[in-house]
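The values are calculated or read from the model by the stated rules, or taken from the named source; none is laboratory data. Bear in mind that the values here come from a model prediction, so they are computed numbers and not experimental data. Neighbour counts run over all protein chains shown; Cβ positions are idealised from the backbone, glycine included. Surface areas here come from the heavy atoms of the whole protein model, side chains and all, with no ligands, DNA or RNA. Shrake-Rupley method; radii C 1.70, N 1.55, O 1.52, S 1.80 Å.
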Amino acid sequence: MKKVILSVILALTFISAQAQWTLEGFKFRDNWSITARGGVLTPMTKVTDFDYLRYGFGLNIQKMIVPAFGIGFEGDASLKTSEWFITGPQNYIDHQYVGMYLDFNLMNLFGGYYGVPRVFELEATAGAGWLHAYTPGKGNDANSWGTKFGLNINFNLGSARAWTIGLRPAVLYNMGASLKRQGGALPGQYPQFNIHNAVIELMAGVTYHFLNSNYTHSFTIAQLRDQGEIDGLNSTINGLRNDLENCNANNAALQSKINSLQAELDACNARPTAVKEVFEDLAAIRYVFFNLASSVILNTQRPNLELVANELKNHPGSTITIKGYASPEGSLSFNQRLSARRADAVKKALVNNYNISPSTINAEGCGIGDVFSVPSWNRVAIITVNQ
């Protein structure tokens, strides 16, 4: 009993040591797990004699209080595949152990905890409970109490560490005196830690860790901030809220101005439109059209030259501007030269045929033209009389 009390005191010391961690996942429903186990058992004094080997199975329910310490409940049973200390007819399951234990995660205890369980972990367990042997052929069952010490060699799987597989060797001591010696194995006459009263368990287990309130399957390290930083963030948030209110006020003023301008625009659109007729002096502009890739003036275009000559006679002192153009067929350089030849051809015709002074004529080639939407119409020279 002194050792049990000492274990409890030691566990409370571990809990105090773990208070240095600021963790999330401390609610009562957090960090529970369930383990299914199976393996073999044998008396410690008969560990080399396979005739005493039995198959066993068990179930554990455990809660971790802090990353380095937990408490659990377990139940074991063995199948009567060999004779141990009681002979005669018995149940196929002839003994069971139900107990409570303390779990110490040695890796977290000595190496610290960093928010995620390690892939490999080592745990030590110590507990006590009730032993029961089924002896229907003897007229009454046997009851005792036992202590159990074990070592868990765990491998945590996956990034979430929700599953664990591991080996769970343990030693179970029969501490009572109700089980009588039969054949020298497990006498159990006195409450003591004695190899003659001990059973070795070698089991493998699969553990599932339930989901916690922090949405993980384990403890997580809380992200703490000092009060000065929190106050600074709150001040920033309040400043942004004020900026938002000012922006909303500005938006309201701008929206009012937009509505006013829209009303003025609607009023302008509602007014009747004044139509002003514009008449151009078409006599001052004449067109001379050409065939494709040609700068020869066609006979059909000569009346336009005559109209220009008459306009000059009626307005002495006027000047003439001739701009030659080409349609988009061909290269840019070719069309530039072609447009210049067309303008020059019109100038020569006015000078030679109508005695127009060359000093009053300005002729230039303008390359590919876009005067007309129909491309072929841009094979033209445009003559403008400047009065």
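Observations on the structure shown:
- Computed label-point distance, nm, for sites ILE230 and TRP145 using a 7 Å Cα→Cβ extension: 4.7
- Percentage relative contact order, the range 240-387, counting C-alpha pairs under 8 Å, at least six apart: 29
- Label point distance in nm, ALA124-ASN352, each placed 7 Å from Cα along Cα→Cβ: 12.3
- What the Cβ-Cβ distance of ALA222 and ILE258 gives, at R0 = 41 Å and to the nearest 0.05, is a FRET efficiency of 0.20.
- Once the 1.4 Å probe is applied to the protein heavy atoms, the range 280-379 comes out at 56 Å² accessible per residue.
- Table column - 3J(HN,Hα) (Hz), the range 145-152, Karplus curve with 6.51, -1.76, 1.60, x for Gly and Pro: 10, x, 10, 9, 10, x, 9, 10
- Pairwise label distance in nanometres, THR48 with VAL206, each label 7 Å out on the Cα-Cβ vector: 3.6
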